[in-house]
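See structure below.
The values are calculated or read from the model by the stated rules, or taken from the named source; none is laboratory data. Just so it is clear, the structure is predicted and the values come from calculations on it, not from any experiment. Positions of Cβ are generated from backbone atoms using ideal geometry, with glycine treated the same way; all protein chains shown enter the neighbour counts.
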Amino acid sequence: MSHGDETVHSSDPVLRALDRARGVLPDQGPIGVFIHHNTLHAYQHLSFHDGVQAGARALGARPYLSLDEFRAAWRRGRIADDDVRHEVSAFLSSRRDDVVVPGLSRGTLWHAMMVTPMDTADAAGLEFDIREGVAPQREDQPLWAACLARVATAPRRTTALAGPSPRRHRDVLVVLGGDDPDMVVHPELIRLGAGYLDMGQARAELPERQRGFLMSVCALYDRGGRAPRLCRGVGDDMRDVLGAQRSARDVIAHCVEALGVDAATLDDFLFDTALALPGWTGMFARLERHPEDHPHGPPVSLADFVAVRLLLERRAVEHVASHLGAPSAWTALRTSMPTPQSRPAILDAALLWGAARAAELAPSTVRALSDAAVQSLWQACDECTDIARRQIFVEAYERSYRASILDALAARRKLSSDYGDDRPVAQFIFCIDEREESIRRALEEQHPRFMTYGAAGFFGVAIDYQGLYDLEPAAHCPVVVTPSHEVHEQPLFTDLGWHAMRLRLRDRWHSLERRSAAASRTLGGGAGLSFLLGPVSAARTLVHVLAPRELHLLGTRIRARLAPRPTTRLSTIRPEAQPTQGGRKPVGFSLEESVDRIVATLTNIGLTRNLAPAIVVLGHGSTSVNNPHESAHDCGACGGRRGGANARLFADMANRPDVREAVRRRGIDIPADTWFVGALHDTASDEVRYYDLEALPPSQTAAFEVAFAALETARRDSALERCRRFDHAPLTLTPEQALQHVEVRSASLAQPRPEYGHCTNAICIVGRRELTRGLHLDRRAFLVSYDPTTDRDDKILERILAAVGPVGAGISLEYYFSSVDNEVFGCGTKLPHNVTGLIGVMNGHQSDLRTGLPLQMVEIHEPMRLLIVVDASPEALLTVASRQAEVAELVGNAWVQLVSVHPVTGDTALFERGAFVPYEPRPTLLPVVERSAEWHLRTRDHVPPALVRAALPITTVGPGHYTGHLTTSRMLA
Amino acid sequence: MIEAVQVALAVAVLAPIVSVGWVGLQTMLADRHPSESQTVRIVGTGLVASVLAGLVVLAAMLGAAGPPVVGDIEFGDWLRIGDFLIAGVLRVDGISVTISLFSSILTALVARFSRTYLHREPGFVRFYVLLGLFATGTQLVALAGALELFFAGWELIGIASAFFIGYFHDRAEPVRSSLRAFATYRFSDAGLLIATVTTFEFLGSARFSAFEGAASLPSGEATLLALLFLLSAMGKSAQLPFSGWLPRAMEGPTPSSALFYGAVSIHAGLFLLLRVWPVMEASIPARTVGVAVGLATALYASAVVRVHPDAKGALAHATLTQVGLILAEICVGWTQLALVHLVCHAFLRLGQYLKAPNMIHDTHRIGHEPHRPSLLVRLWPGMEAPLYAAALHRLRLDERIDVAFSPVLAAARTLDRVDRWLRRAPRPRDTSE
């Protein structure tokens, strides 16, 4: 990864500060391709707690949920009290038994301060509650009186109610009552920056933008730009910059000097200045490092943006300061911050009251406390900081959940995992995505010989894929991989004529749409189109809002009737003889390369023997409308794109006789009567689209029909399971109605939640599916198939963890941060979002560029670090970590939780502080249900693990559970 | 027949606000907000009732049962002070029924859209309450038979509009924008208020049916009246120099932006001019001003829309080009054309606003038109930078208005200071209490 290492090479203080900022600024590219990543990736070299606290401090964000949120979770039992006590003890270690005041140990004090709001800073609120008689203090009036009396004469707690110390001029100026310079500077910067970066939304582009941001802005001001009133004089500054052709670095240095920032504070000042408008600044930093993200854009540089910012800011600060009569030099201004108020006595009394309650002190004892004892209490309270308590809480929050999962896994392991050795009826290979857990479970419930597997959704074929109508190839593989092959979708020879004609018509139609969209904004065009299209558009909008699904189906049907998509094939195999043209990637794979990929993927997931007659490979993607974040729902393992092409390619390769022949020589026997079918599972509408069914041999139809019918049932069951999370879907829906409900969601303009995406993800299980099959995991587990018995030198485990670790951690951490602080790390509610320059969204008419995930995507998430449970011995995991630096960093610095379950003995061990610590699962009786719907349709809330009898082996639950869902239904086109 | 029409008119106007009252009653009785589905059911019923009643009025106007009902429908006196009488009168004619149905249908559509769009939003109930208020406001504006009732509706629209802009009141920017829109409305509404009183003086009645008498007014009086009407229309329809609040109005949730600034509210000023057309017709100077303002706004907005890289801001200005154009059409005298243009344009924009978040999706599907210099720039390349800068800064309209009003603000601040000083002075009587 290009950022993250904080080694700074520059000796120049300005460039050094910018480098530092670059590491912290949001690293999200243009929103059209959304890739989940650790929001605080730059801090990954620190331990999790140090990293999130440092990152949150720099960005002014919350590193964890708030104490109130944790306390609410504690009250409803989500966090067990034992776990809180355990984590407090672990945090304080030997100091937990210190005596703070007679009768009160440090551990007890901390526990009390965690679960009760005794150290509130809201004096007015407390007074109100006491006056109204709703404060807990009413329960023990004499004690409260004693506390008030004692505090009146005791030494006061010195912690002042200070806000954060000022970082920039505006922080002081605003407190002094002046105008906020940012209110003038930011709108100006946003308009200029958005115009500069625009990828094609506006009709006119910023003049001379090839000269770079600084120069083009200066030129604009030189030729008629009028500075805002509060920035008077900036026009001359810009003319000066333009005339002398100053570099951005010099401009920054000059402005900083003019703002009176001395060498000692320069680094922090510039760092905070760059972080003052993090979204836009971050986009400049990102595009500077990744010019390929906006292929036809102008040159971008972070220094340019900061330079323009400082030019404007300097003048604004000067005007505001002189208006107030305050100094504009930072060295002088920062000391003129008014002193904060002192701490009201009632807050100290409340703290004493809380401590007295925790220690069960009598009022007389409180009155008799010595000054030294009170002092010692204040000191102990000061040590128990807000952040420390939240850090303990998050550990307890994770601990409670982890225990429930590990216990359930251990309980499942005690049951049989022997599904017999007959040939499976059908096998399904899904992406590891936790959203596929439900559909996999739904398949497994139907027949003991339906097997499902999980592989990273690009199925080992990293390609630059160009679909029939794509303008250029795009990478379909994890972001860390650079594909070395292109694959194109090509029409069949018989359809070539129709393809050419359809392409022409399509181009013409799109150009018409484009031009009318552009024309509707012009004076004349707008008038003409109003008369021409106004009524039609109104009718269409009406239908779209009232019957989105029907309109979508109608459109699909009409297109299929009037202009069907030509039949296509992929350019899978490249003839050995065909030379690659100079510098371009080869199109298609050679026989040898295909064989490598088939063997690798089948070996990775442990599917090396006993292949079923029908094997369906399902990539996934998501369809929604009116959703700027649509790409965030697509496949992370395909680089934020859809995995259908990869599944199709994989199946096509595996079906070729010559490939099979070579694969057989490497020890995997693909029987002649096995057929692979590639498909795309739409995680929003739960539609499954199959590829290349025309090529299905007639002898295989019956076998495929069984798999097809199973998927038809499973996608309905899965839709039903998803629907329980949506308030607008009653819990009493039938599977068929549930499917219609999610289809409406996917097609509706008015739907900000087409699906919940990766929301609620919490676990990643790497191992044999037999050991977890039949366990209801509530769509919260990434399921990676891995068979330790065939992996002799841990090479497969290494491959899997190297891919899954960072991808899973990226998703989990992005969700973590976007849920703990949705306003800073996330992008807030979707409703006022305004798509800007095709690169991102703003709130309303002009705001910072909003990065991260919207509220609607994370609202039911439980922010925890990913719990990775691996079916491998601790030694194997340590070996892998020693070879894979990124995995070692994530695990060693505790950005994920790693658990080893020994493949043979089943012993469980959790990686903690540098070593595996054995975990003894508590004996657990899991609830047993016949089908998973009986379990999850009871509530809309998260459900704990349960056993699903229908998916367990016959030997476990006796015969007679076979549910006979295998009626073949009519094939969909 | 008249009775039926009376009932239908009353339902069309009152059903939405009664439903809002019902929601309020539920809130008070249960001491908490009604659930989302309850709110939608109640307000939705009100809005649908309003649409159905509008259809009944339409049928009656077209003469579906008996003779066509057209003209003033009396509801008695609203207020009587001496010989000063404010009549409760609604008016049924082609324009009023068209606008009434058009706005009630669009409001109902947006209500349906928002049911899922605003799901789980903390201000869900507030949104529907405002929607109900707005619906009654538009019905009053559309159907009022006299300026007084019209003004009441006009104010309801203004209030609802300001609250919608400030919908996300936990952030500072929406609140600031809301305040700016509200202040602009207050300023220009003064025009309508003065015009109402003046009409009463000049014509003896503020009924629209009495406006026919405007032709005989002395040209000075007619021009004064017409300019006052024009002022209030300019504020409501964001014409120059009041255009600054329109892009800021994009702070609200997308469906309210669509309803207000794409479809209904932005066109209200134009509708006012159509209603008082006899007065406008009588004053050539006012019409000239109107044409100039409309065309200037249209040109200004089409320059701004070219540089706007954000979806909603560009749409706001695209809307403004047509609103300016329609204003010019009205003032030229092409009122029929203007009415059709207005309705068709609102239809076009509503869909565009509702689909604004789809911009990235659309670009992936159909690509985008390349950057292209305008005709003016192709003819005169030297104009590129100044034009771009002026459009990007939007002529710094807000700032100029702030400067123009700074004496007022300074006076207010002085008064505030005096007030504070007076309060701070020791007042013996206070201490004795």
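If you go through the stretch A:713-732 and keep only what is surrounded by fewer than 19 Cβ atoms within 10 Å (Cβ to Cβ) and away from chain B (no Cβ under 14 Å), you end up with A:Leu731, A:Thr732. Condition test on A:Ala600, is it touching a Pro at 6+ places or on another chain (Cβ under 6 Å) and not in a strand (DSSP E or B)? Considered against the rule, which asks whether it is touching a Pro at 6+ places or on another chain (Cβ under 6 Å) and not in a strand (DSSP E or B), A:Ala600 comes out as no.
Could you tell me which numbered condition B:Val403 fails, if it satisfies all but one of (1) under 25 Å from the mean Cα position of the chain (by Cα); (2) surrounded by fewer than 18 Cβ atoms within 10 Å (Cβ to Cβ); (3) within 13 Å of another protein chain (Cβ to nearest Cβ); (4) of a type in the set (A, V, I, L, M, F, W, C)? Of (1) under 25 Å from the mean Cα position of the chain (by Cα); (2) surrounded by fewer than 18 Cβ atoms within 10 Å (Cβ to Cβ); (3) within 13 Å of another protein chain (Cβ to nearest Cβ); (4) of a type in the set (A, V, I, L, M, F, W, C), only one is false for B:Val403: (1). Across the stretch B:93-113, the number of residues qualifying as facing another protein chain (nearest Cβ under 7 Å) and of a type outside the set (A, V, I, L, M) comes to 2. Can you pull out every residue in the stretch B:302-325 that is more than 7 Å from every other protein chain (Cβ to nearest Cβ) and over 15 Å from the mean Cα position of the chain (by Cα)? Scanning the stretch B:302-325 gives B:Ala303, B:Val304, B:Leu315, B:His317. The residues listed here are A:Ala112, A:Ala146; of these, the one that is outside any loop (DSSP other than H, G, I, E, B), surrounded by 15 or more Cβ atoms within 10 Å (Cβ to Cβ) and under 36 Å from the mean Cα position of the chain (by Cα) is A:Ala112.
Per-residue answers, yes or no, for (1) outside any strand (DSSP E or B); (2) within 12 Å of chain B (Cβ to nearest Cβ):
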residue	(1), (2)
A:Val841	no, yes
A:Ser847	yes, yes
A:Gln856	yes, yes
A:His861	yes, no
A:Met864	yes, no
A:Glu875	yes, no
A:Thr879	yes, no
A:Ser882	yes, no
A:Val887	yes, no
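Per-residue answers, yes or no, for (1) modelled with pLDDT under 95; (2) assigned to a helix (DSSP H, G or I); (3) in contact with a His (Cβ under 9 Å, 6 or more places away or on another chain); (4) buried (at least 20 other Cβ atoms within 10 Å of the Cβ):
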residue: A:Gly667; (1), (2), (3), (4): yes, no, no, no
residue: A:Ala672; (1), (2), (3), (4): yes, no, no, no
residue: A:His681; (1), (2), (3), (4): no, no, yes, yes
residue: A:Glu694; (1), (2), (3), (4): yes, yes, no, no
residue: A:Ser699; (1), (2), (3), (4): yes, yes, no, no
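Within the stretch A:187-207, the set of residues being assigned to a helix (DSSP H, G or I) and not hydroxyl-bearing (Ser, Thr, Tyr) comprises A:Pro187, A:Glu188, A:Leu189, A:Ile190, A:Arg191, A:Leu192, A:Gly193, A:Ala194, A:Gly195, A:Leu197.
Consider B:Gly269 carefully, then state whether it is within 11 Å of chain A (Cβ to nearest Cβ), within 22 Å of B:Phe134 (Cα to Cα) and out of contact with any Asp or Glu (no Cβ under 9 Å at 6 or more places or on another chain). No, not satisfied. In the stretch B:19-34, which residues are out of contact with any helix residue (DSSP H, G or I) (no Cβ under 6 Å at 6 or more places or on another chain) and either assigned to a helix (DSSP H, G or I) or at pLDDT 90 or above (or both)? Result: B:Gly21, B:Gly24, B:Leu25, B:Gln26, B:Thr27, B:Met28, B:Leu29, B:Ala30. Restricted to the stretch A:625-640, and to residues there that are under 21 Å from A:Ala747 (Cβ atoms) and touching a Cys at 6+ places or on another chain (Cβ under 9 Å), the residue that is nearest to the other protein chains (Cβ to nearest Cβ) is A:His629. Would you point out which residue out of A:Thr939, A:Thr955 is outside any loop (DSSP other than H, G, I, E, B) and at pLDDT 50 or above? Of A:Thr939, A:Thr955, the one residue that is outside any loop (DSSP other than H, G, I, E, B) and at pLDDT 50 or above is A:Thr955.
Every residue, every condition in (1) more than 22 Å from B:Pro16 (Cβ to Cβ); (2) among the β-branched types (Val, Ile, Thr); (3) part of a helix (DSSP H, G or I), yes or no:
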site	(1), (2), (3)
B:Tyr128	no, no, yes
B:Ala135	no, no, yes
B:Gln139	no, no, yes
B:Phe163	no, no, yes
B:His169	yes, no, no
B:Pro174	yes, no, yes
B:Ala183	yes, no, yes
B:Asp189	no, no, yes
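In this structure, B:Arg349 does satisfy being surrounded by 24 or more Cβ atoms within 10 Å (Cβ to Cβ), more than 7 Å from every other protein chain (Cβ to nearest Cβ) and of a type in the set (D, E, K, R). Within the stretch B:109-159, the residues that satisfy the criterion of being of a type in the set (Gly, Ala, Ser) and closer than 29 Å to A:Pro754 by Cα are B:Ala111, B:Ser114, B:Gly123, B:Gly132.
Identify all residues within the stretch A:87-108 that are crowded, with 16+ Cβ neighbours inside 10 Å and more than 20 Å from A:Ala345 (Cβ to Cβ); write none if there are none. Those that are crowded, with 16+ Cβ neighbours inside 10 Å and more than 20 Å from A:Ala345 (Cβ to Cβ): A:Glu87, A:Val88, A:Ser89, A:Phe91, A:Leu92, A:Arg96, A:Val100, A:Leu104, A:Ser105, A:Arg106, A:Gly107, A:Thr108. Out of all the residues in the stretch B:358-370, is one or more surrounded by 24 or more Cβ atoms within 10 Å (Cβ to Cβ), closer than 16 Å to A:Ser537 by Cα, within 7 Å of chain A (Cβ to nearest Cβ) and among the aliphatic types (A, V, I, L, M)? No, every residue in the stretch B:358-370 fails to be surrounded by 24 or more Cβ atoms within 10 Å (Cβ to Cβ), closer than 16 Å to A:Ser537 by Cα, within 7 Å of chain A (Cβ to nearest Cβ) and among the aliphatic types (A, V, I, L, M). Against the test of being assigned to a helix (DSSP H, G or I) and either among the β-branched types (Val, Ile, Thr) or farther than 22 Å from B:Phe134 by Cβ (or both), the options B:Val89, B:Val69, B:Val56 yield a single qualifying residue, B:Val56. Every test in (1) closer than 25 Å to B:Arg171 by Cα; (2) within 14 Å of chain A (Cβ to nearest Cβ); (3) surrounded by 24 or more Cβ atoms within 10 Å (Cβ to Cβ) is passed by B:Val264 save one, and that test is (1). From the list A:Leu206, A:Leu197, exactly one residue is touching a Phe, Trp or Tyr at 6+ places or on another chain (Cβ under 8 Å) and either among the aromatic types (Phe, Trp, Tyr) or modelled with pLDDT under 90 (or both). Which is it? So the residue among A:Leu206, A:Leu197 that is touching a Phe, Trp or Tyr at 6+ places or on another chain (Cβ under 8 Å) and either among the aromatic types (Phe, Trp, Tyr) or modelled with pLDDT under 90 (or both) is A:Leu206.
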